[in-house]
Each structure stands twice: as structure tokens, then as C-alpha cells.
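The values are calculated or read from the model by the stated rules, or taken from the named source; none is laboratory data. These numbers were taken from a predicted model, which means no experiment stands behind them. Glycine also receives a Cβ, built like all others from the backbone with ideal geometry; neighbour counts cover every protein chain displayed. We work out accessible area using only protein heavy atoms, side chains counted, and drop any ligands, DNA or RNA first. Shrake-Rupley method; radii C 1.70, N 1.55, O 1.52, S 1.80 Å.
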Amino acid sequence: MNAPFLHIDRTTPDRLARPKNGLATITLIIPVHNEEAAIAPFLKAVREAIDPLRERAAFEFIFVNDGSSDATLDRLIEAQRADPRINVIDLSRNFGKEAALTAGLDACDADAAIPIDVDLQDPPDVIPLLVDKWREGYEVVLAKRADRSSDSFLKQRSASLFYRVHNWIAQQKIPDDVGDFRLIDRQVIDALRSLPERRRFMKGLFAWVGFRTATVEYVRDQRIAGQSKFSGWRLWNFALEGITSFSTAPLEIWTYVGAAISALSFLYGLVIIAKTLLFGIDVPGYASLLVSVLFLGGIQLLGIGIIGQYLGRVYAEIKQRPIYIVRRVFGGGN
Ligand code: UDP
Ligand code: MG
């Protein structure tokens, strides 16, 4: 197999020729939202990690400023002025991490990309390991969290429940405890870019496109500065997005729930008829009547709610709005 660094015969039509002394190019894609305090330590740590790889790959950075309201953009522009490898895409508002990652991938023309969080929870020390595996010929190298003890107990439990439910009902399994931090080859980037959907659950899309995949493990640290932007309600919605994007089982299950309830009701009807014939009309029955009416009412509302979840997503897709809007690009020849 060709080492990916040679790039002899990757036929991607819109691929630019990349002389750069034959060095492979790798872009770090960093979505940032209100992270003014994290940028400097992030750049320091990443530079230390990629410096030894100088002979093997040329790195560049694409920061996607996802509608920050603090001094994040200023910090990024300062960094960009000081280091020509840095590019900054400033989005017109907060579009969410998934959209920001998509913006970064769309702008990336390198041989490989590594989406990475700015809070150093995705340790830059792992980057050389990702590159090694890529060199062995894998198109996707996942970074798996060997230990999540830096996350709260609730987040760990809810994450594990999410993976279990998702992988139980979705056709494309997503690997446990793997975030967006990974290396993806040019072919994978192009495959991702060819997916037209607007609501982008990146972890699911990454899994859906497939390709030869290797895994390296790391320990997830605490965030270095600022606060997590994913808590409670947002995580719940994120989980719903994941499940509804990759499974229609919640829609279809109602066929079976309905069939089972109808069958039981039919049997119960037979019992009542038999009882009436044998013992005459029996007035009591108020409790069972009320319970069954309420139960069925609840089930029906749940079913309608789930249809609503999907319908809302169909509506969002059908409007065909862009996934993100770029306000300005700094760097990259601009
Ligand atoms: N992020 C973003 N847009 C958002 C929320 C988060 O670009 O709307 C970025 C954030 O700046 C960070 C990464 O996504 O670089 C991961 O976010 P966070 O650390 O809050 O998530 P957690 O690690 O708690 O899951
Ligand atoms: Mg984080």
C-alpha cells in the first residue's frame, strides 16, 4: 500500500497540487466559542507537540470562531499575524460546534485534517500517534478516551447510556468514548463534504462514511480554562440529534407498540364479552376504563411527539439553509 505521504494516486478532482517539498500537509481544525483564555496555552502545547514532526508534515491551523462574544477573535487575529500557518474563519454568529467543524473541513485543502478542541481536553501529545497510524495507511485514526474520570459522574453515565441506546438502534455504530478528535485523510474529508445534510451530527457522519480505521487511546484531561459549553439540556438535544439523524427506529417502533396494544385490547374485549354473557352486566369497571384511556392517551402523545421530532428535522433540512455563514476569513492569503 502507498504510504499516504507519497500521494501518488489519490484522484480527487478538485485537489490542489501541493508541492511543499513533498511534505504531507495536515490541518488542525479548531472550533472556538468564547475561549479567549484557552487560545494561548493551546497554541503553546500544540507547537510543542508538532515541532518534532517538522520533517514529516507541514501543519496549518484553521480556527473557526463560532460567534464568540468575548475577546476570542482578537486573540485569534493576533495569533494569525504572528504565525502564517494560522487561518481564522469568523462565523457570523454562533452556529454550534458541528457547524463550526463543517466550516473548517470545507476550508481545508490539506492531505489530512485533525479536528481538536481548544481547551486541551484533546491532548496535542496524541497528534504524533495519529500521524504514525495514518502513515501506516489508515484513513481514519480515532483518539479514544481510555479514561473519562475528568468528566462529571452524570456526564459519564449519560454518555454511556447514549452510546448504548444509539448503537442499539442505529445502523452505523459510533465507537464508545470517541469524540471529534481524530485524524481523517483527504478522502474522508471529501466524503464528508459530499454529505448534503444541514443538521450535522459529526460523530455519526464520521462513522457513516467508513474507511479503514485505527484507534489510539488517551486520557482526557480537565479543561484548562473557561467552561464547558455542553451541559444538561444541550447534551440532551445533542443526543436526540444523534439518534434521530441515524435511526428511524423510534418512528417505526409505534407500529409494534400499536399492534401489541390492539392485540391485548382485543383479548380483553373477548374476556368482557364472555363475562357479560356468563354473569350478566357488571357495573364496576370504572378503574380499568380510566387506566386504559389514560395509558393509551399517553402512548399516543408520545408517538406524536416522536413524529414531531423527525418532522421538525425534515422541516429544517428542507429549508436548505446553509450550515453556517462566514463573516470574514483572516489568513489563507486574505
Ligand atoms: N464550541 C464551539 N461552538 C459551540 C460550543 C463549543 O465551537 O457552540 C467549541 C469549544 O470552544 C471547544 C469545543 O467546541 O473548543 C468543545 O466544547 P466544550 O469543551 O465546551 O465541550 P466538552 O469538552 O465539555 O464536551
Ligand atoms: Mg471541553
>> Just to confirm my numbers, what's the Cα centroid distance between the stretch 280-301 and the stretch 62-76 in Å?
In response: 58
>> Once neighbouring chains are kept in place and the probe is 1.4 Å, which whole percent of the accessible area of the chain is contributed by carbon and sulfur?
In response: 61
>> If R₀ is 45 angstrom, what is the calculated FRET efficiency for the pair LYS155 and GLN300, using the beta carbon separation as r and rounding to 0.05?
In response: 0.85
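Once you list every other residue whose beta carbon is under 14 Å from the beta carbon of SER92, what net charge do they have if Lys and Arg are +1 and Asp and Glu are -1?
+2
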> What ranking do 248-254, 275-281, 197-203 get when scored by the average of other Cβ atoms within 10 Å per residue, highest first?
Replying inline: 197-203, 248-254, 275-281
> Using alpha-carbon pairs under 8 Å, 6+ residues apart, how would you state the relative contact order of the stretch 84-213 in percent?
Replying inline: 35
> Each label point is 7 Å from the Cα along the Cα-to-Cβ direction; what then is the distance between the points at SER265 and ALA45, in nm?
Replying inline: 5.7
>> I need the calculated FRET efficiency for the pair THR215 and THR255, taking r as the beta carbon distance and R₀ as 51 Å, to the nearest 0.05.
In response: 0.85
> In sequence order, what are the phi-derived ³J(HN,Hα) couplings for the stretch 289-305 according to the Karplus relation 6.51 cos²θ - 1.76 cosθ + 1.60 with θ = phi - 60°, rounded to whole Hz, with x for glycine and proline?
Replying inline: 5, 5, 4, 5, 5, 5, 4, 5, x, x, 4, 5, 4, 4, x, 5, x
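What accessible area per residue, rounded to a whole number of Å², is obtained for the stretch 179-264 using a probe radius of 1.4 Å?
Working: 4310 Å² over 86 residues.
Dividing the accessible area of the stretch 179-264 by its residue count gives 50 Å².
May I ask which of LYS97/LYS133; LYS133/LYS203; LYS44/LYS155; LYS44/LYS97; LYS144/LYS319 have a Cα-Cα span longer than 31 Å here? Walk me through the numbers before you get to the answer.
Numbers: LYS97/LYS133 26 Å; LYS133/LYS203 20 Å; LYS44/LYS155 29 Å; LYS44/LYS97 23 Å; LYS144/LYS319 36 Å.
LYS144/LYS319, as the Cα separations exceed 31 Å there.
Under the 0.36 nm per residue contour assumption, what length would be gained going from the current alpha-carbon distance of VAL283 and LEU195 to full extension? Can you show the working numbers first?
Working: separation 88, 0.36 × 88 = 31.68 nm, distance 6.15 nm.
Full extension of this stretch gives 25.5 nm more.
Before anything else, pin down the relative contact order of the chain: Cα pairs under 8 Å, at least 6 apart, normalised by residue count, whole percent.
Values: 465 pairs, mean separation 73.9, N = 334.
RCO, the chain: 22 percent.
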> Simple spin-label model, 7 Å along Cα-to-Cβ: SER92 to GLN222 in nm?
Replying inline: 4.0
> Which angle from 0 to 90°, rounded to the nearest 10, does the C-alpha axis of helix 232-246 make with the longest principal axis of the chain?
Replying inline: 80
>> Using a 1.4 Å probe on the protein heavy atoms only, what accessible surface does LYS44 show? Give it in Å² to the nearest 10.
In response: 130
> In deg cm²/dmol and to the nearest 500, what is the mean residue ellipticity at 222 nm of the chain if only DSSP H runs of at least 4 residues count, each as -39500 (n - 2.57), divided by the residue total?
Replying inline: -15500 deg cm²/dmol
